[in-house]
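One structure is given here, and the rest of the page talks about it.
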Amino acid sequence: MTERFIKNEQLNFIKKQVAWIKDSTKQHLPAGVLTSVYEISNDKILNCVPNMTEEQKNILDFSTFKTVEAYDQALEKLKAYVLPFPAITEQQLKKLFPKSKKLKLPDLSTVDLTSTTYLSWMDSRSNKKYIIYELEDQVVGIECSFSPSSKKNICSICHCHGEVTHFSTITKAKKLNNPDYYKSIGNLICADSSECNKKITDVSYLEEFLRESLRK
Ligand SMILES: [Zn+2]
């Protein structure tokens, strides 16, 4: 039985290192420089998952690889170790948004949970986007409003350039003595969340954004 231990964003990070190695081998770099590229990338790969067991470290030890093919084969094998997004039912999703009476739910059967850091879907009738994520062992969700137009820019979550939409969310923060105060947070986020999930290599902004949105 394979013990899964790699998160989607960590696999993306490893893929990025391998892509850098592949690019570097095509650039006719001096042998010493290319060796450094291999070493730096191998080191980053070996350190991208915290608190690994010896067995897990062996799986992410790419230091003996000499060819691009060896990296490709190793990447292929890593898919079996990727942790899926926690299984969630429609009932649980509804509970996350008790105020949304006509909540449009995603078709969960079409979502590839092993390629999902955050689950997200849009309801174009109400111009709402929903983001679900496991934050500190608890599945949380936020609702954002969006403008229907998109443009090319940097996404706040995956930090990559692409087609983004402006999303804003009302936080739960309240100002003392002012019941009408609602703080809103705006972000440019990939219009297509499956693309964003393919590119995300670091969850620090996503987690900070969710914490801030959910802060009471
Ligand atoms: Zn993105």
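The values are calculated or read from the model by the stated rules, or taken from the named source; none is laboratory data. Owing to the predicted nature of the structure, the values given are computational and were not obtained by experimental measurement. In this analysis, Cβ positions are derived from the backbone assuming ideal geometry, glycine residues included, and neighbour counts consider all displayed protein chains. Ligands, DNA and RNA are excluded from the accessible area calculation, which covers all protein heavy atoms including side chains. Shrake-Rupley method; radii C 1.70, N 1.55, O 1.52, S 1.80 Å.
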For this session: Give me the angle, in degrees from 0 to 90, between the Cα long axis of helix 68-78 and the longest principal axis of the Cα atoms of the chain, rounded to the nearest 10.
Result: 40 degrees
Exercise. Once the Cα atoms of helix 31-46 and of the chain are each reduced to a long axis, what angle between those two axes, in degrees from 0 to 90 to the nearest 10, is obtained?
Worked result: 50 degrees
Exercise. So what's the angle, to the nearest 10 degrees on a 0 to 90 scale, between helix 204-214 and the longest Cα principal axis of the chain?
Worked result: 10 degrees
Exercise. In deg cm²/dmol, rounded to 500, what helix-only [θ] at 222 nm does the chain give when every DSSP H run of at least 4 residues adds -39500 (n - 2.57) and the total is split over its residues?
Worked result: -10500 deg cm²/dmol
Problem set entry | Principal axis dimensions, the chain - Cα atoms, whole angstrom, descending | 64, 40, 35
Exercise. In nanometres, what is the gap between the two model label sites at ASP112 and SER147, each 7 Å from Cα along Cα-to-Cβ?
Worked result: 3.2 nm
Problem set entry | Cβ-based net charge around LYS16, under 13 Å, with every Lys or Arg adding one and every Asp or Glu removing one | +2
Problem set entry | Range in the chain, longest, excluding exposed GluC sites (Glu not before Pro) [loop by DSSP; at most 13 other beta-carbon atoms within 10 Å] | 4-135
Exercise. If you place +1 on the Cβ of every Lys and Arg and -1 on the Cβ of every Asp and Glu, how big does the dipole about the Cα centre of the chain come out, in debye to the nearest 20?
Worked result: 1140 debye
Problem set entry | Hull volume in cubic angstrom per residue (convex hull over the Cα atoms of region 55-153) | 173 Å³
Exercise. Based on the Cβ-Cβ distance of LYS22 and MET52, what FRET efficiency does E = 1/(1 + (r/R0)^6) give at R0 = 35 Å, to the nearest 0.05?
Worked result: 0.90
Exercise. Quick one: with all protein chains in place, what share of the accessible area of the chain is carbon or sulfur, to the nearest percent (1.4 Å probe)?
Worked result: 51 percent
Seminar exercise, completed: Karplus ³J(HN,Hα) for region 187-198 (6.51 cos²θ - 1.76 cosθ + 1.60, θ = phi - 60°; Hz, whole; x = Gly/Pro) runs 8, 8, 10, 2, 5, 9, 6, 5, 5, 4, 5, 7
Problem set entry | Average accessible area per residue (Å²) across region 90-214 - probe 1.4 Å, nucleic acids and ligands excluded | 57 Å²
Exercise. Taking a label point 7 Å from the Cα of SER100 along the Cα→Cβ vector, which residues of region 141-173 have an amide N closer than 14 Å to it?
Worked result: 141-146, 168-170
For this session: Name the residue farthest towards the positive end of the dipole of the chain from the options THR25, CYS48, VAL139, assuming +1 on Cβ of Lys and Arg, -1 on Cβ of Asp and Glu, about the Cα centre.
Result: VAL139
Exercise. Between CYS160 and GLU212, what is the spin-label point distance in nm, taking each point 7 Å from the Cα along the Cα→C-beta axis?
Worked result: 2.3 nm
